[in-house]
Ligand code: HEM
């Protein structure tokens with residue numbers, strides 16, 4: 001009797017689950033006819049199963065997105081699998097609405113879950129009140145101009161170390177050498193974030209080229225983050241939570257890497273807490289003058305131990321450890337600098353003009369103020385960040401039905417005009433970083449060209465872009481904008497200053513041979529050497545001044 005009851009209950013639960021799944025599937029399949037996006041203008045789907053996915057995958061460097069935006073206007077839709085409509089808008093007012101209402105538009109759950117697996121429950125993935133508290137209490141001060149000024153010396157030292165390594169190679173090879181600049185730049189930025197972030201020497205720029213234990217663990221984590229967007233298994237796994245319990249190479253690798261980062265991270269935290277306590281006890285007022293005391297982790301620990309912070313608002317050691325993964329920034333900066341050297345290799349006049357400005361500075365080791373006082377360097381960095389944003393796009397999810405205001409009204413498929421987009425709860429809202437940065441409608445006909453001179457006066461339309469920095473979407477905007485942007489910009493200026501003074505750069509392969517693949521960042525590849533992985537081969541020659 002009891003067996004029968006259990007059996008019946010199992011059947012009932014199974015049937016309920018099946019009905020629930022069927023209801024969800026039917027609802028999704030009906031979206032092309034029920035979604036509030038259905039009447040937006042846009043290209044017809046090529047097939048029911050693939051929508052426009054195959055054309056999108058065949059297009060390079062977002063060319064199709066730009067073609068569509070020019071044809072259908074700044075607010076449109078295209079179709080993905082099963083003809084599901086996907087919104088695409090570069091309307092500055094709409095983007096501003098979404099970014100400034102960050103509580104209503106968080107990151108999608110699957111992105112957050114995947115990042116938590118790799119990074120732990122840190123700032124990049126925290127939402128709501130927890131995020132606000134973490135940023136306002138503990139992090140913002142550590143990323144302000146005063147702190148970044150202190151870190152400039154680290155950036156300049158590390159840039160000079162990279163310059164000396166390349167100079168040796170040039171000398172050994174008799175005057176010119178082909179170098180994969182991306183590899184050296186990535187090592188430099190890892191070393192810089194190690195020292196600036198937590199006074200840890202990754203020693204990635206070491207002469208024997210061997211990676212230390214923490215460096216290897218980080219390499220593994222970044223590799224896994226890049227895989228998130230490339231592997232079908234990982235995409236499916238992020239969408240179906242139960243699959244995450246199946247042990248695979250991915251979980252094994254990330255767990256092993258996390259074990260190493262946790263052990264070394266906790267040891268660093270304990271050392272820094274002891275040092276902060278000791279400094280407080282001995283009344284040391286001058287703790288900020290040493291390299292050890294200016295790293296971001298020490299600042300964070302000091303702020304967290306301050307008597308002004310109520311006990312219940314302090315971060316735990318685990319929270320602090322998660323904050324160490326701010327290194328999420330190092331590959332973005334090296335990637336942007338790689339594309340900057342590429343752009344300069346394509347524009348000898350710009351390279352020459354920049355070098356002349358840099359040689360006007362009477363020191364090899366400039367301060368933050370000296371770097372910021374160079375207008376052409378500034379314009380070159382802005383233009384690089386506009387044309388080559390390391391992160392091409394991101395996405396948010398509407399947590400409630402909403403009406404998003406538009407600067408430019410659109411005409412729907414039935415000929416009616418709308419000055420807002422109606423959006424249903426659960427709809428994805430992409431933030432097309434590269435789409436806005438390269439839009440002809442916003443930047444003018446030469447939007448796809450590298451032209452630092454444009455920064456003398458930017459078009460009025462571009463001035464509406466709600467970016468946290470420089471009317472660009474590169475670091476996005478609103479409460480969830482990148483907090484490391486000042487850090488990156490000065491690091492990049494230190495690198496470009498040091499390298500462009502020392503060397504002349506030329507592309508080592510025909511320009512058509514360079515392509516990009518999107519992982520975590522937009523990585524460069526050589527078409528005829530895909531097996532070598534990501535690289536940016538440049539011919540480097542020492543610059544000599546008469
Ligand atoms: C060129 C360099 C960089 C670029 C282009 C960049 C870009 C971005 C973007 C687009 C976001 C928003 C991602 C999203 O919400 O989907 C972001 C967030 C973030 N970035 Fe950066 N970043 C750079 C460097 C850095 C550096 C050097 C650091 C730290 C030292 C850093 C720390 C962070 C943090 C902590 C967040 C999360 C902020 C939050 O959610 O409140 N970034 N970054």
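Are any of the residues in region 492-501 surrounded by fewer than 22 Cβ atoms within 10 Å (Cβ to Cβ) and at pLDDT 95 or above? It would help to see each step written out before you state the result.
Here is the first cut: in region 492-501, the residues surrounded by fewer than 22 Cβ atoms within 10 Å (Cβ to Cβ) are 501.
So of that shortlist, the ones also at pLDDT 95 or above come out as 501.
Yes - at least one qualifying residue is present in region 492-501.
Within the set of pairs 6+ apart or on separate chains, which have a first residue in region 472-491 that is in the same structural domain as residue 334 (by TED's automatic domain parsing) and part of a strand (DSSP E or B), a second that is more than 6 Å from the ligand (Cβ to nearest atom) and modelled with pLDDT of 95 or more, and C-beta atoms under 6 Å apart?
472/385; 472/386; 472/437
For the condition without any contact (Cβ under 8 Å) to a residue 12 or more places away in the chain and touching a strand residue (DSSP E or B) at 6+ places or on another chain (Cβ under 9 Å), what is the one hit in 35, 46?
Step by step, each of 35, 46 is checked, and only 46 is without any contact (Cβ under 8 Å) to a residue 12 or more places away in the chain and touching a strand residue (DSSP E or B) at 6+ places or on another chain (Cβ under 9 Å).
Test residue 360 against the stated conditions and say whether it is in the same structural domain as residue 535 (by TED's automatic domain parsing), at positive phi and either modelled with pLDDT of 80 or more or out of contact with any helix residue (DSSP H, G or I) (no Cβ under 8 Å at 6 or more places or on another chain) (or both). Let's see the steps before the verdict.
Numbers: in the same structural domain as residue 535 (by TED's automatic domain parsing): yes; at positive phi: no; either modelled with pLDDT of 80 or more or out of contact with any helix residue (DSSP H, G or I) (no Cβ under 8 Å at 6 or more places or on another chain) (or both): yes.
Considered against the rule, which asks whether it is in the same structural domain as residue 535 (by TED's automatic domain parsing), at positive phi and either modelled with pLDDT of 80 or more or out of contact with any helix residue (DSSP H, G or I) (no Cβ under 8 Å at 6 or more places or on another chain) (or both), residue 360 comes out as no.
Test residue 454 against the criterion of being outside any strand (DSSP E or B) and more than 16 Å from the ligand (Cβ to nearest atom), and give yes or no.
Yes, satisfied.
With the condition being farther than 19 Å from residue 384 by Cα, I'd like the strands (runs of 3 or more DSSP E) fully within region 504-544 carrying at least 3 qualifying residues.
Working: elements: 514-518, 522-526, 537-542.
So the answer is 537-542.
Kindly indicate which of 486, 523, 527 is over 21 Å from the mean Cα position of the chain (by Cα) and over 22 Å from residue 69 (Cα atoms).
Every option except 527 fails the conditions.
Can you find, within region 74-127, the residue that is farthest from the ligand (Cβ to nearest atom) among those that are within 22 Å of residue 402 (Cβ to Cβ), modelled with pLDDT under 95 and assigned to a loop (DSSP other than H, G, I, E, B)?
84
Taking region 386-420 as the region of interest, how many residues are more than 17 Å from residue 74 (Cβ to Cβ) and either within 16 Å of the ligand (Cβ to nearest atom) or part of a loop (DSSP other than H, G, I, E, B) (or both)?
Residues meeting the conditions: 18.
Going residue by residue through region 513-526, is there one that turns out to be surrounded by fewer than 23 Cβ atoms within 10 Å (Cβ to Cβ) and over 28 Å from residue 431 (Cβ atoms)?
Yes: region 513-526 contains one or more residues that are surrounded by fewer than 23 Cβ atoms within 10 Å (Cβ to Cβ) and over 28 Å from residue 431 (Cβ atoms).
Just a yes or no: is a residue in region 450-468 within 17 Å of the chain's Cα centre (by Cα) and free of Cβ contacts under 8 Å to residues at least 40 places away in the same chain?
yes
The values are calculated or read from the model by the stated rules, or taken from the named source; none is laboratory data. Since the structure is predicted, the reported quantities are computational estimates derived from the model, not experimental observations. Reconstructed Cβ throughout: ideal geometry from the backbone, glycine too, with neighbour counts over all protein chains shown.
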